[in-house]
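Trainee: Handing you this structure, nothing more for now.
No value in this document is a laboratory result; all are computed from the given coordinates. As the structure is a prediction and not an experimental result, all values here were calculated from the model. Reconstructed Cβ throughout: ideal geometry from the backbone, glycine too, with neighbour counts over all protein chains shown.
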Amino acid sequence: MSTSTSRESEVELEVEKEQEKPVKRPPLEQLVPRSDELYSAIELVLMASPRRQILQGGDLPALEKAAYEAANSGDALRARIGYEAAARVALFEQNEDKFRGMLEKADKFSKEGESFSKMHRVLLQRIDDAMCIAREFYVELDQEKKAAEAAPAPAQVSGYGRELQDSARLGTL
């Protein structure tokens, strides 16, 4: 492999790593006390990078359809996970009816006493609080992301340009 090709590969890896950096989430504790049972439940349904996760995992109709198909094929685990994923998207979209419906369906595939069942029940009992917390969480997340995008990015030099910089620094030009 030539030096130029390996440097280009290094730059590509750096760019990929930069794109994979997680967006800093606002502290959930600012929105709900950590000691509250709602904290434990909602931290499991909030998404760190909702738009990216929806692009990768599917939108609400696609997730609901996949969960429905899993339920019809008798795969309770995939059905529960699918309905929970759909509930996450509905929460992000602030669609309370869908959020409630997806949680209710997910709960049908949870075993009594299971932590998932408890999470579903807490969210269903305090759905107004959950919707409000999610709305605030995602507003803060968007503001942080916009601020990060507005900050100037460091200049990246690749390939031949880096060779010129190295040569100039070393005095070999």
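Trainee: For GLU149 and ASP59, calculate 0.36 nm times their separation in residues minus their Cα-Cα distance, and state this gained length in nm to one decimal. Provide the component values of the computation, followed by the final result.
Mentor: Numbers: separation 90, 0.36 × 90 = 32.40 nm, distance 2.45 nm.
Result for the pair: 29.9 nm of gain on full extension.
Trainee: Just the number: Rg to Rh for the range 32-146, Cα atoms, Kirkwood Rh, two decimals. Please list the in-between numbers first.
Mentor: On the way: Rg = 13.7 Å, Rh = 14.2 Å.
With Rg and the Kirkwood Rh in hand, the quotient comes to 0.97.
Trainee: Could you point to the residue in GLY101, LEU46, GLN56 farthest towards the positive end of the range 32-146's charge dipole, with +1 and -1 charges on the Cβ of Lys/Arg and Asp/Glu respectively?
Mentor: GLN56
Trainee: Please work out how much length the chain gains when fully extended from GLU69 to ARG34, using 0.36 nm per residue of separation minus the C-alpha to C-alpha distance, in nm with one decimal.
Mentor: 9.0 nm is the gain from fully extending GLU69 to ARG34.
Trainee: How long is the gain from ARG78 to CYS132 if the chain were fully straight, where each residue apart is worth 0.36 nm and the alpha carbon distance is subtracted? Working shown, then result.
Mentor: On the way: separation 54, 0.36 × 54 = 19.44 nm, distance 2.83 nm.
Length gained, ARG78 through CYS132: 16.6 nm.
Trainee: Might you report the magnitude of the Cβ-based charge dipole of the range 32-146 about its Cα centre, with Lys and Arg at +1 and Asp and Glu at -1, to the nearest 20 debye?
Mentor: With only Lys, Arg, Asp and Glu charged at Cβ, the dipole is about 260 debye.
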